[in-house]
Amino acid sequence: MNNRRTYAMFAIVTLTAALGALTQTSMNSMLSGVQESFGTPESVSQWLTTIYMLVIGVTVPLVTHLARRYSVRTLIFVALAFMLVGAVIAAFSPNFGILLFARVLQAVSAGIMLPVMQTIAMTRFPPGQNATAMGIAGIALGFAPNIGPLFGGLLVDSWGWRSFFWILSGIIVVLALATLAFVRKREHQMHDAHLDYLSALLSTVGFGCVLLSFSTAAYRPITDPAIWTGLVVGIVCVSWFVLRQRRIKHPLIHMSIFKSHTYVVSFIAQNLLNASFMGITLILPLFIVNVAQMTPVDAGLVFLPTTILAAVFNPLAGILSDKIGPRPVIVVSAFLLVAGSGAMAFITADTPFWLITALQVVRGIGVSSIIGPLNSWGMHKLPVENMIDGSAFFTTVRQACASFGTALMMLLISVVGGALGYNLALGLSALFAVGVLICSVFFVRDLKS
């Protein structure tokens, strides 16, 4: 495949993945409009965001089988089809149940594209460009989900929540036409790829229960038996799944990925990173409204500078990593993450809005600059045929770690209460960030070493 078609294919896949991320977080600011349309209580409406995360978590492991059996072109069309059908159904949905079903279809699309995007970045670009490609892919992982709530809120206020799905449908049609024009079928897939149905079942039940338990724990009492029952079932199934992958001839995910030292370090660091920063997207707006007594508009605006800068620092960090090596970029980014997170743990009701925003900018630059280089460094020693395994397993566990971090932060807020509860939650985020820094300083080495 020539460079022009590689770049075109990667752009299409990245934009499709970005749409999936945008669709996931835009709903956060559209829930009030949905509640007004269908008369659903907030506890029920929250399922529109919860189900999206759950479906991504159970879809991603299955993508490893699909990627071995079908071409990238086919996977793109399948993902676009799920997204388009889901968007049209959502736009016409006459009741909450139909809208929830539409969200499931959209989440399947996002679950397909996320690991495929990262695999393309590592396998279709020559050495020395992988971190740059991962940095560009970071736009889908960082910029798109951050801009989602603002984008969704603007549409709700202007044309109603259904307008989001009409706009989404138009973009999908354009991407489908671009796929027809620029992406050629590549016969590298394994037509005899075998699907182990028990592994698929264990993965679906295991990761689904873990994700559901953590997401439920964020807004229900920690003593709720449903949380612990789901968590135990999930851990048992995931453990069985991992053990089974090591024993069968055709594993759904090859656990040999953990023989790579760089992958293990990156896996740990990135999951700590997600536990640290994903919860902040919920905790910080709550602090601004409930403790600092500012407006919901302020709660949204605090992320705006970071979101804009993410579109710059995601690819810039990748380019620098390819030019000077990943270690200095990763270490400096980790220091920025710790500095911003640590200082934010001490904000009070009297802290000026501009200072809170500035600290979030420091954190945001650290997050945006570390994602691409750390990901490409961690996967660069994996065999080409196992890239999809490494990407898929990380993407799935990342969802669980993000939910875990958010649940712990919300638990601290509910148990301790008041401003101190928020400070402890922000301090926990900083503690996870310190873990990222430790991994970066002591274990990340440049590729030539």
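Structure notes:
- Among the lysines of the chain, pairs that are 8 or more positions apart or on different chains and have alpha carbons within less than 27 Å of each other number 8.
- Inter-part distance, the range 156-170 to the range 78-151, computed on C-alpha centroids, equals 17 Å.
- Three-way shape label, the range 173-316, alpha-carbon gyration tensor, a/c 1.5: oblate
- Over the range 239-327, relative contact order from alpha-carbon pairs under 8 Å, at least 6 apart, %: 10 percent
- GNM result for the chain, Cα springs below 10 Å: residue of P373, P126, P251 fluctuating most strongly: P126
- Choice from M410, M30, M294 showing the highest fluctuation, given a GNM over the chain with Cα pairs closer than 10 Å: M294
- For the chain, the relative contact order works out to 23 percent when only alpha carbon pairs closer than 8 Å and six or more residues apart are counted.
- Panel values: the range 348-447, Kirkwood radius from alpha carbon pairs, Stokes-Einstein at 25 °C and 0.890 mPa s, translational diffusion coefficient 153 µm²/s.
- Positive-pole candidate from A407, L177, M294, dipole of the chain, charges at beta carbon: L177
- Summed over qualifying helices (DSSP H, 4 residues or more, each -39500 (n - 2.57)) and divided by its residue number, the chain shows a 222 nm mean residue ellipticity of -27500 deg cm²/dmol.
- Ordering of 94-105, 277-288 by packing is 277-288, 94-105, highest average first (other Cβ atoms within 10 Å, averaged per residue).
- Prolate/oblate/rounded call for the chain, Cα gyration tensor, a/c under 1.5 rounded: rounded
- Distance between the range 6-38 and the range 383-449 - C-alpha centres, whole angstrom: 23 Å
- For the range 1-126, the direction-averaged projected area of the alpha-carbon convex hull comes to 7.9 nm².
- Using C-alpha pairs below 8 Å separated by at least 6 residues, the relative contact order for the range 1-192 is 41 percent.
- Base-10 log of normalised Debye intensity for the range 70-155 (one unit scatterer per alpha-carbon) at q = 0.11 Å⁻¹: -0.40
- Shape call, the range 257-449: gyration tensor on alpha carbons, a/c limit 1.5: prolate
- Top of S239, S32, S158 by mean-square fluctuation, Gaussian network on the chain, Cα under 10 Å: S158
- Electrostatic tally near G33: other residues with Cβ closer than 12 Å to its Cβ, Lys and Arg +1, Asp and Glu -1, net -1.
Quick note: the coordinates plus some simple rules give every number you see, no bench work behind them. All values derive from a computational prediction rather than experimental measurement. Cβ: placed from backbone, ideal geometry, glycine included. Neighbour counts: every protein chain shown.
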